[in-house]
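*Asks:* Dropping a structure here in structure tokens format, bear with me for questions.
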Amino acid sequence: MGIIKLYNKYLMQDIFLHKDFQLNGHHFDSPTDLINYVKINLPEHANFLQALFDDDTYITAQTSGSTGTPKQIRIKKTHMRNSALKTIAFFDLKPQTKALLNLSSGFIAGKMMWVRALLGGWHLDVVPPNHQSITSVLNKNRYDFGAMVPLQVFQNLDKIHHIKKLIVGGGAVSQSLLNKIYDLPNRIYATYGMTETITHIAVMPLNQVAEKDFYQDGIKKTYRVLDNIFIDVDERNCLTITTPDIADDQIITNDLVELLDDKHFRWLGRYDNIINSGGIKLIPEQIEDKLKSIIKVPFFIAGLPDDKLGQKLVLILETEQIPKDLPEQIKKHLSKYEVPKNIYVLPEFEWTPTVKIHRQNTLRKLNINN
């Protein structure tokens with residue numbers, strides 16, 4: 001919490017421009033100077049920066065739409081500031097931290113990288129969120145902190161060690177990707193959060209070097225919440241989040257979790273994805289986790305209507321045809337209730353703007369006679 005105390009004199013302001021902040025090597029004397037530079041050189045971020053420094057007490061953000069229709073929500077700038085300071089403190093990110101922003105400011109993850117950098121006095125490099133731009137900048141520079149979605153990590157496996165502390169969000173990390181990053185020398189973390197929590201409220205190590213200084217309490221493969229985040233579960237065993245400094249009301253999620261103590265939880269899956277097949281309740285994400293090591297293409301588990309079972313469990317692959325030996329491999333990795341009744345293929349899935357599989361829309365593309 002020491003770093004947050006350094007900013008006490010600023011807490012009457014929602015967002016401020018730290019004296020050490022730099023953008024792409026440029027220093028700015030005022031928010032106006034910064035906004036003018038962004039309008040010319042990074043126009044895709046200009047609307048957000050203007051909104052961030054205007055007189056309104058909130059900004060508008062869009063949810064990702066991975067579990068339903070994307071929607072606009074209003075977020076207090078005070079809450080954004082408090083969320084940013086939590087991350088700065090948790091990862092011990094000092095002024096002049098060299099950071100990379102390669103995410104769109106159209107979504108909360110990109111917005112909050114701006115806020116952290118502005119408040120923390122970071123030296124921020126901003127590049128478009130495409131493969132070529134990220135690869136190019138990582139070829140030339142080294143960074144203390146960055147954030148990526150899993151696809152960006154995969155596309156830059158030979159260069160992400162150039163970021164000392166890397167957070168990964170916006171989607172599940174496959175087992176094959178975990179295997180590839182586990183022995184890298186930098187610290188890589190998964191994050192848990194959503195637009196409503198103003199990005200992450202919990203963090204979990206993904207590679208060996210991050211685990212060594214993170215799991216001193218012996219609790220492994222779990223998320224640890226940031227300071228002043230209070231967690232519990234409701235009657236469905238779904239996570240509830242209370243954090244007065246970043247949300248006015250308790251946040252009730254649809255995320256099934258195993259609550260280990262008041263600081264740690266294990267994510268199990270989405271309540272709204274549960275499949276009730278013949279009275280057996282199955283969590284698709286847990287089954288998917290068991291299949292990550294044997295399926296090399298995008299896939300997911302879903303439930304389809306069935307006259308006998310109520311719902312039948314099926315596997316959908318993004319490919320042209322089912323690999324010949326896959327059905328037998330699946331039986332070796334799953335219990336009898338978890339084995340898909342059918343396997344379907346689609347040449348292309350539906351994806352959200354944040355590169356998550358849109359399960360509902362993808363299922364609608366299947367032409368199935370049940």
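The values are calculated or read from the model by the stated rules, or taken from the named source; none is laboratory data. The structure presented is a predicted model; accordingly, all values stated were derived computationally and were not measured. All Cβ positions, even for glycine, are placed from backbone atoms using ideal geometry, and neighbour counts span all protein chains on display.
*Asks:* Identify, by number, the condition in (1) in contact with a Lys or Arg (Cβ under 8 Å, 6 or more places away or on another chain); (2) assigned to a strand (DSSP E or B); (3) farther than 14 Å from N24 by Cα that A99 doesn't meet.
*Replies:* Status for A99: all satisfied but (3).
*Asks:* Report yes if F300 is modelled with pLDDT of 90 or more, under 25 Å from the mean Cα position of the chain (by Cα) and either loosely packed, with under 15 Cβ neighbours inside 10 Å or farther than 24 Å from W267 by Cα (or both), otherwise no.
*Replies:* It is false that F300 is modelled with pLDDT of 90 or more, under 25 Å from the mean Cα position of the chain (by Cα) and either loosely packed, with under 15 Cβ neighbours inside 10 Å or farther than 24 Å from W267 by Cα (or both).
*Asks:* Could you tell me which of the residues T87, T97, T63, T67 is within 19 Å of H200 (Cα to Cα), at pLDDT 95 or above and surrounded by 16 or more Cβ atoms within 10 Å (Cβ to Cβ)?
*Replies:* T87
*Asks:* Looking at A147, A172, can you tell me which residue is surrounded by 19 or more Cβ atoms within 10 Å (Cβ to Cβ) and either in a loop (DSSP other than H, G, I, E, B) or touching a residue at least 24 places away in the same chain (Cβ under 8 Å) (or both)?
*Replies:* Only one candidate qualifies: A147.
*Asks:* Next question. Residues in segment 333-367 that are more than 26 Å from Q152 (Cβ to Cβ) and assigned to a loop (DSSP other than H, G, I, E, B): how many?
*Replies:* Qualifying residue count for the region: 10.
*Asks:* Related question: Taking the stated definitions as given, is V314 over 21 Å from the mean Cα position of the chain (by Cα), of a type in the set (A, V, I, L, M, F, W, C), closer than 30 Å to P129 by Cα and assigned to a strand (DSSP E or B)?
*Replies:* Considered against the rule, which asks whether it is over 21 Å from the mean Cα position of the chain (by Cα), of a type in the set (A, V, I, L, M, F, W, C), closer than 30 Å to P129 by Cα and assigned to a strand (DSSP E or B), V314 comes out as no.
*Asks:* Shifting gears a bit: Of all residues in segment 324-359 being at pLDDT below 90 and not charged (D, E, K, R), which is nearest to I287 (Cα to Cα)?
*Replies:* Taking the candidates together, the pick is I357.
*Asks:* Specify the residue that is nearest to D272 (Cα to Cα); the eligible residues are those in segment 317-332 that are charged (D, E, K, R) and in a loop (DSSP other than H, G, I, E, B).
*Replies:* Per the stated criteria, the residue is E320.
*Asks:* Can you give me the number of residues within segment 259-284 that are within 24 Å of I357 (Cα to Cα) and more than 17 Å from the chain's Cα centre (by Cα)?
*Replies:* Going through segment 259-284 one residue at a time, the tally reaches 11.
*Asks:* Give the residue, chosen from E328, E318, that is farther than 27 Å from N254 by Cα and of a type in the set (D, E, K, R).
*Replies:* Result of the check over E328, E318: E328.
*Asks:* Here are I181, I241: which of them is β-branched (V, I, T), at pLDDT 95 or above and not assigned by TED's automatic domain parsing to the domain that holds I59?
*Replies:* Answer to the selection: I241.
*Asks:* Within segment 33-47, track down each residue that is over 28 Å from the mean Cα position of the chain (by Cα) and free of Cβ contacts under 8 Å to residues at least 12 places away in the same chain.
*Replies:* D33, N36, I40
*Asks:* Additional query: Are there any pairs with C-beta distances below 8 angstrom linking a residue in segment 328-354 that is under 27 Å from G169 (Cα atoms) and among the polar types (S, T, N, Q) to a residue that is at pLDDT below 95 and not in a loop (DSSP other than H, G, I, E, B), with the two at least 6 apart or on different chains, and if so which?
*Replies:* If the second residue must be at pLDDT below 95 and not in a loop (DSSP other than H, G, I, E, B), the pairs left are T354/A109.
*Asks:* Then there is this: Looking only at segment 104-144, count how many residues are outside any helix (DSSP H, G or I) and under 13 Å from the mean Cα position of the chain (by Cα).
*Replies:* The number of residues fulfilling the criteria is 1.
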